[in-house]
Every structure is written in C-alpha cells, then in structure tokens.
1. At 1.4 Å probe size, with the rest of the protein present, what percent of the exposed accessible area of the chain is carbon and sulfur atoms?
2. How much FRET efficiency would the formula 1/(1 + (r/R0)^6) give for E422 and Q38, where r is the Cβ-Cβ distance and R0 is 35 Å, rounded to 0.05?
3. Along the Cα→Cβ direction, 7 angstrom out, place labels at E65 and A177. What is the inter-label distance in nm?
4. If R₀ is 45 angstrom, what is the calculated FRET efficiency for the pair S12 and S323, using the beta carbon separation as r and rounding to 0.05?
5. Scanning the chain for trypsin sites (Lys or Arg not before Pro) in DSSP loops with at most 12 other Cβ atoms within 10 Å, what's the longest stretch left with none?
6. So with the 1.4 Å probe, I'd like the accessible area per residue for the chain, rounded to whole Å².
7. Could you give the nm distance between label points at E470 and T88, where each point is 7 Å from its Cα heading toward the beta carbon?
8. Taking a probe of 1.4 angstrom, what is the accessible area of V389 in Å², to the nearest 10?
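The values are calculated or read from the model by the stated rules, or taken from the named source; none is laboratory data. Note that this is a predicted model, so its numbers are computed, not measured. Neighbour counts are summed over all protein chains in view; Cβ atoms, including those assigned to glycine, are modelled from backbone coordinates with ideal geometry. Ligands, DNA and RNA are stripped out before the accessible areas are found, and what is left, the full protein with its side chains, is counted by its heavy atoms. Shrake-Rupley method; radii C 1.70, N 1.55, O 1.52, S 1.80 Å.
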Amino acid sequence: MLDPRAYLESLSTSSLDLLFSDEFVAIAVFRSLSPLSQQVVLRVLSLKEPFPTNALRTWVRHGQEQLVEDALSELVALRVMNETEVDTPAGTQKRVQLNLKLRKSLHAHIEGKKAHSKVKVVKNEPLLNAITKEARRKWRSIMCSLVASADSAAPDNIQPVQDEVFEVMEEAKLITAGRGGGDEVTGASVTPSGFRFLLKDTWEQVWTMLVTLFDLLEQQKSGPTRNDAVMLALRLGVQASTVDVKSSQISELPPGMQELLPLFEMFGLVRLDGAMYAPSPLSSFLTLEKRGKRRFSLEEEEKASAPGKYSEGRGIIVETNYSVHALNADYVQVQLLNLFLAPKVRFPNLFVGLLTRESVRKALDMGITADDIIAFLEAHSHPFQAKQVPVVPETVQDQIRFWQEETEKVTFEKVTLFSEFETVELLRQSTKYAKEMQVHMWSSEERNMLVTKDEGRGSMVSFIKAKKAEMGL
C-alpha cells in the first residue's frame, strides 16, 4: 500500500525543514502521528534545548518503556525530532530535540499568528453542491478513462481527461500510450498497475496520482517545485477537514502554489472562482493518515440524480456459492467487477457475476492480487452485508487465495540489488524504508545487501542518497 508518510521520510532534511516551515504541513504531520507521539510533541513543544531520551521513559509506567521507544522511532524517522549523541562524564548520552521549523509552525498555529483574514465560509447551498458535483465529475472522468481504455464497448459519452492528467497517469504506469510519428497519442491501454489502481480505495488512488506529480515536478528545472505541490496538497487536506467549506484568497498563496492550482483543479481537488479558491470534498483524502471520515464518494452523485432508483440501496453482496450481486451498479463498477467475475445477468439495477477459477486467473494475469479482489468486495459491500463478520464469506476468501497460490509455484520479477552499504545503520534504515513502501524483497546484514522491487528503485535511490548526506557518508 502506498504510504505518503514514508514518501516524506524519504525526502532530504533540507526539504523537510522547508516543508515544516509551512503551518498547514506542520498540522497535517502532527495529525498523522500516533496518540502517544502527539503527546510527546505537545509536552516538549515549549523546550528549546535538547533533552535526554531517558527522560521520556519516566513518563510511563514501569514495563511500558517500549511504547515510548516506538513513539520516539516514529518521530525520529519523520524528522519531527532530531536525535544527537553527547559525550558526558557518565558516557555517551542520546538526546532529542523537536524540529525547530516544526516547533515554530505549531506555535504559530496555537497562537493564531498566521490566521488568514481573507477567508470566508461558503454558505450558499447551490454553490456547495456545484463544488461537490464538479469534483465528482472530474474524478469520475479519470476512472472512466482508465476503464474505457480496457473496454472496446465503452460508451461514447465518457469525457476525456486533460493532457496534464494523462501525463501523470502515464508516468504512474497506469496506462501505456501508443504514439504516432509526431509523438501524438494514438491509443492507450491499461497496465497491470492500472488494473490494481482501479480496485484501490480513493485515498490511495489520490495519493498515487499526487506522488507521481511530485516526482514529475522534481524533474523540472523551472516552474513550481515538488515542495510547492506537497505544501499545497496538505494545505487543501487540512482546509477540507473542517465542517464548513471555506473559500480563501489565491493571492495569499506563494507563487509556486498559485501556478499549481489549475492543475489541482483538473483532478477535482479544488474549485477556482475568480480571485478565490475552495477545497473540494475530494481534498478530504489529502491526509497523511488513512483513517478519518471523508466527505466524498462517487456514489452520492448517482443517488442525487435518481433518488427513487436507490430505494433498495447500493452495494455488492457476495454469497457462499461464489455468486456476486451488485445492486444499482454504474458503468465503472460493472467494468471493475468484470475484471475478476464471469458475468451472468445484467439488468438496469442489478448485475450478477460468478467468481470462477478462470475469471480470477484472468485478473491475476493482469497483475491483480487475491487481496485486491477481496478488499474491493469489502470496500463496496452492500450496507446489509457490511454488518456481517467477515464481510466476504471465509470460504470465498480462501478459494480466491487458493486460486492465486496455484499460479505462484514459480514466479519471476524484476528487482534492484543494493549492496556495499557504508554502515549497518544505513542498511537497516534502507530496509525499513523499503518495507514501508512495500517494495522489500530480501535483505541480509551479513552479506550487506538489499533487494527491492524494481518499481521502487527511484524512491530507494533518493532515500539512500538523502540518508548518506544526513550521515555525512
């Protein structure tokens, strides 16, 4: 699973310091921390000097010291706290200090020093509905464009995505585009990563797009920077987390963020209105943590357009005989179900398919995993079935995983080998980061080697370079 927190951890110290100087980034990072880590930050917020790590252990009961160690590891990994070693008469002592940039930003937020005066709450109900509807339309067009590229019988009324969005999708390896002699796109097909992307939840889909956008901006020699994009994304996430939708002055944003607003609008993350901007409900997914209540779903638009049609509810019901019923499924959902089901019946308000060995194997050949299928069925389950435990019957889960195991007797995968690490600590931190990014394949301290999936090579190289610079290697 993609982890935006791990992405931040891979950035250099100088980049993180610049990000932490933004009040909205500081708030987003603080909210993503575990409750105990938040307590540690709040307790040391007023301390200006480094303090011994041993002092933290006195804050908990005897035998619970590991909880503090885990919290400290989380804070140090994200550079929320900086760890140093000091020589004392009693020996070497470890000390930690809250990141000074983050400390200043949190203080400013608490004291209200950076409160924006030109912010107004949007109370116009038609305007609020328009913001939500526009966000759904744009995000839905992205999903439809991916599905349609894998469906030869796709309807003609699917709106094409803008070139900038298409470039991000191509860079994320969700699609491969055929090109003519003039380098113009002549057609597109979904990749295995694209099929897996379609079955992910909206939080992971949004961050997949944005992390790819961050990497594209990092490759540019001029214009908005990656840091501008990260700060804008987290700013919108914090602003969208409030109960009221607030409209802010564009002029209050730094120039780099102002240039990125039209691009973010293409994804449906923000609404521009003259000299003002307002985060859309889709921006509520721009949090570093996956937990939390969201104010956006594609299904609500369908309900609003046909209230009587949804009197029976909407969702997927999985039976123990491997039959899958999708009530009031739209075009996108039906096409996603067709990825791993053998279709049986299609009515205006009902789709019925069957999980078979052949249909699941077809999905596995596309790069979709058994866990992807099960997670999709759980995430889109009918309210009635969502109350059951487990949501997807155990016999069905076991059979899907068994069909996958049949294909895993021998597998080949492209990987990247990292070796000759300067220190064991560098190898350990690189291994930890690889596991967080879910690209770790194998590692050995004895052989001083680390093997990762090839798809994570770029992030791993950046992380190792940043760590070397930080360690002075």
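1. Accessible surface attributable to carbon and sulfur in the chain totals 51 percent.
2. Numbers: r = 34 Å, r/R0 = 0.98.
About 0.55, to the nearest 0.05.
3. For the pair E65/A177, the computed spacing is 5.8 nm.
4. On the way: r = 53 Å, r/R0 = 1.17.
Approximately 0.30, to the nearest 0.05.
5. Numbers: sites that count: K48, R61, K113, K114, K118, K123, K221, R291, K293, K387, K409, K414, R447.
So the longest stretch without any such site is 124-220.
6. About 51 Å² of surface per residue is accessible.
7. Taking the two extended label points, one gets 2.4 nm.
8. Roll a 1.4 Å probe over it and V389 shows about 140 Å².
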